[in-house]
Amino acid sequence: MNPLEQLLAEVITAEGPLRIDRYMSLCLGHPQHGYYVTRDPLGETGDFITAPEVSQVFGELIGVWAVGAWAAMGQPPAFSLVELGPGRGTLMADVLRTVRKAAPAFAAAASLHLVETSPVLRQKQREAVGEAARWHDRLEDAPEGPMILLANEFFDAIPIRQFERREGVWRERVVGLADGRLSLGVGGIVPGSMGKDGDVLEFASARDEIAREIGARLAAHAGAALIIDYGHLHTAPGDTLQAMRDHRFVALTETPGEADLTSHVDFEKLAHALTEAGAVVQPGMTQRDFLRAMGLEQRVAQLQGKADATTRATLSRQMARLADEAQMGNLFKVLCAMSPGISTPYPFG
């Protein structure tokens, strides 16, 4: 039993079983033992790899999109370039390198704001993008005004609640104790008549709150937001909560604080929250369609033209990982939200 499991067992003994959202919050963000507080989880030596870590081309194409969004906003002379959950800073470093070369006026107008709570990852981001950035614990702490916001694999780690249909009634899933160890179970009956036995519903009110904050900012000031994550475009029942350690799936209650906990993002609900707050949201698309429309194949071919055989093969593997239907291409979705009245940044229009 590791230190966090011991602490969780004490809390459960004193207060009763934990809702899934509270369990996730403690596992990921406990100030001493939380997953994101204590480690850099990314890369081959970590627990998972994100698209920016796969290839620099991903960040380059996001940079091209950001320049297009800035043009759609009327090229404001000053705006905030915001990233939620920037990981190691790899995506933003690639974006900045691209825009400094391709659109120096964009780079000059942008002030960089990174929303990150992990001290370990903040240091990695500082090494990647330099000291010009400002760091914030919450989006609400970033300055008001025109904004371009990026969020890649951010919403999947926001805590959720789960409800399971059993014997004709809904019960909330909880983490309790069985023989002194953490164990998944269900709590008391909650209202609800729809669904069939075995159905699982997931609710992420914290995701909706962040989406409404983004939407409110876009309603108040010119801007655009690009959200990329794994998930589904339309709301549907299903258990998508997962724990990952050393690039393999593990049990949800195994070594708490030492595994990444995530769930699939419901993009329909996310779009509803953004729209409810005043943003204009375009229909979502797969990462495959987005990257191909932004010129993935052409950029990889350009890089391959200057490379040796080994590098060309590596670039092909990277492109496949990002865009193939059986890899990240279809699992990951892309959503664009904008201020009312501005034109839609390509390729959503």
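Side notes on the structure shown:
- Whichever residue in the range 214-266 is polar (S, T, N, Q) and part of a loop (DSSP other than H, G, I, E, B) and, among such residues, is surrounded by the fewest Cβ atoms within 10 Å (Cβ to Cβ): T235
- Hey, G74 buried (at least 20 other Cβ atoms within 10 Å of the Cβ) and either in contact with a strand residue (DSSP E or B) (Cβ under 9 Å, 6 or more places away or on another chain) or within 19 Å of C336 (Cβ to Cβ) (or both) or not: no
- Taking every residue in the range 35-58 that is more than 14 Å from L322 (Cα to Cα) and pairing it with any residue that is of a type in the set (K, R) and assigned to a loop (DSSP other than H, G, I, E, B), at least 6 positions away or on another chain, the pairs with Cβ-Cβ distances below 8 Å are D40/R88; L42/R88; G43/R88; G46/R39.
- Any chance L8 is surrounded by fewer than 22 Cβ atoms within 10 Å (Cβ to Cβ) and either of a type in the set (S, T, N, Q) or closer than 25 Å to V174 by Cβ (or both): no
- Selection count, the range 32-46, where residues are more than 21 Å from the chain's Cα centre (by Cα) and either surrounded by fewer than 18 Cβ atoms within 10 Å (Cβ to Cβ) or part of a helix (DSSP H, G or I) (or both): 1
- Any hit, the range 47-58, residues being closer than 24 Å to E5 by Cβ, touching a Phe, Trp or Tyr at 6+ places or on another chain (Cβ under 7 Å) and assigned to a loop (DSSP other than H, G, I, E, B): no
- Exclusive hit being touching a residue at least 40 places away in the same chain (Cβ under 8 Å), in contact with a Leu (Cβ under 9 Å, 6 or more places away or on another chain) and not small (G, A, S), set V64, V82: V82
- In the range 187-213, residue surrounded by the most Cβ atoms within 10 Å (Cβ to Cβ) [restricted to those that are within 17 Å of the chain's Cα centre (by Cα) and of a type in the set (K, R)]: R207
- Single match in L270, L322 (criterion: surrounded by 15 or more Cβ atoms within 10 Å (Cβ to Cβ), within 20 Å of I158 (Cα to Cα) and under 16 Å from the mean Cα position of the chain (by Cα)): L270
- Those strands (runs of 3 or more DSSP E) lying entirely in the range 71-137 with at least 1 residues aromatic (F, W, Y) and over 16 Å from the mean Cα position of the chain (by Cα): 79-84, 134-136
Read-outs throughout are calculated quantities, based only on the coordinates presented, and are distinct from any laboratory measurement. The structure presented is a predicted model; accordingly, all values stated were derived computationally and were not measured. Note that we place each Cβ from the backbone using ideal geometry, even for glycine, and neighbour counts take in every protein chain shown.
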